[in-house]
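Scroll down for the structure; my scribbles are underneath it.
The values are calculated or read from the model by the stated rules, or taken from the named source; none is laboratory data. The structure presented is a predicted model; accordingly, all values stated were derived computationally and were not measured. All Cβ positions, glycine included, derive from the backbone under ideal geometry; neighbour counts span all protein chains shown. The accessibility values were calculated without ligands, DNA or RNA, using every heavy atom of the protein model including side chains. Shrake-Rupley method; radii C 1.70, N 1.55, O 1.52, S 1.80 Å.
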Amino acid sequence: GQSRLKPERNKELEAGVDLAFLDSKIDLGITIYDSKSSDVILSLPVPPSTGYFSQVQNAAEMTNKGLEIALNWRAITTPSISWTVGAQYARNKNKVTDLRGAEEFYLGGTFNGGIKEGYAHGVFIDWDFARCRLGSDNVVDGFDVNAYCTANNAPVGAMYIGEDGYPIFDPTPHVVGNPNPDWTGSLTSSLNLWGKLNFSALVDYRSGGQIFN
């Protein structure tokens with residue numbers, strides 16, 4: 001049970017513009033937004049000694065910043081034939097900004113998807129080998145990996161190889177991937193004949209985002 005659960009609240013600032021050209025044969029819509037969600041409701045793990053595995057709580061704050069663009073072209077408009085072509089582009093950057101003191105936790109119903117402050121919702125949290133993780137504490141078995149990386153000008157993400165020639169296991173779970181795409185897009189086409197037959201096609205594209213194998 002949860003007697004202190006509050007509504008999840010969202011605040012968003014949005015701006016957009018709609019334009020039409022050539023007697024409305026071409027139209028363009030552009031929208032940008034910046035939203036913040038507070039008191040985000042999540043199911044958090046609780047000690048098994050309570051008799052339960054999780055409890056719904058107001059557990060996080062997160063932001064979404066994005067851009068959406070839609071372009072449509074009415075290539076043919078006659079009483080018997082009409083053909084419209086469209087293109088859409090969208091980009092959204094999600095970031096968890098507060099976990100109410102928790103470092104990270106896993107999401108139910110996923111293999112290793114989780115939430116960690118400073119990262120996007122649903123990132124992969126798992127064990128990994130020792131790597132250069134500049135900007136965060138990175139001591140593995142008493143060895144400061146970041147100090148070694150800095151001294152040798154190694155890039156972020158570079159794997160540290162031990163003296164025996166093998167990578168070293170890092171016992172601390174880290175964010176190892178982000179399934180969220182960098183951007184998405186689509187192309188559409190719709191052909192109508194004599195107002196009775198309609199042929200349409202859709203192609204979706206997704207750029208970026210990792211899949212856990």
For region 151-197 the number of residues that are modelled with pLDDT of 95 or more and β-branched (Val, Ile, Thr) is 2
Scope region 116-126; condition touching a residue at least 24 places away in the same chain (Cβ under 8 Å), of a type outside the set (Ser, Thr, Tyr) and more than 16 Å from PHE212 (Cα to Cα); matching residues: LYS116
Of the conditions (1) out of contact with any Phe, Trp or Tyr (no Cβ under 9 Å at 6 or more places or on another chain); (2) at pLDDT below 95; (3) among the polar types (S, T, N, Q), THR77 fails just one. Which one is it? (1)
Only one residue in LEU67, LEU71 is touching a Leu at 6+ places or on another chain (Cβ under 7 Å) and under 30 Å from PHE199 (Cα atoms). Which one? LEU71
Could you look through region 93-123, keep only residues that are open to solvent by 60 Å² or more (accessible area, probe 1.4 Å) and modelled with pLDDT of 90 or more, and pick out the one that is farthest from ASN64 (Cα to Cα)? GLU117
Name the residues in region 174-188 that are open to solvent by 40 Å² or more (accessible area, probe 1.4 Å) and farther than 19 Å from ASN213 by Cα, would you? ASP182, TRP183, THR184, LEU187, THR188
The lone exception for PHE212 - which of (1) surrounded by 12 or more Cβ atoms within 10 Å (Cβ to Cβ); (2) part of a strand (DSSP E or B); (3) among the aromatic types (Phe, Trp, Tyr) it fails: (2)
Among the numbered conditions (1) surrounded by 13 or more Cβ atoms within 10 Å (Cβ to Cβ); (2) more than 21 Å from the chain's Cα centre (by Cα); (3) among the hydroxyl-bearing types (Ser, Thr, Tyr), tell me where SER200 comes up short. (1)
Those residues of region 132-164 which are open to solvent by less than 50 Å² (accessible area, probe 1.4 Å) and either assigned to a loop (DSSP other than H, G, I, E, B) or out of contact with any Asp or Glu (no Cβ under 9 Å at 6 or more places or on another chain) (or both) amount to CYS132, ARG133, ASN138, CYS149, ALA154, GLY157, ALA158, TYR160, GLY162
Looking at region 78-91 only, could you name the residues that are among the polar types (S, T, N, Q), in contact with a Leu (Cβ under 9 Å, 6 or more places away or on another chain) and surrounded by fewer than 15 Cβ atoms within 10 Å (Cβ to Cβ)? SER80
SER189 vs. criteria small (Gly, Ala, Ser) and touching a Gly at 6+ places or on another chain (Cβ under 8 Å): yes
Please determine whether any residue of region 155-167 is more than 30 Å from ALA87 (Cβ to Cβ), touching a helix residue (DSSP H, G or I) at 6+ places or on another chain (Cβ under 8 Å) and among the hydroxyl-bearing types (Ser, Thr, Tyr). yes
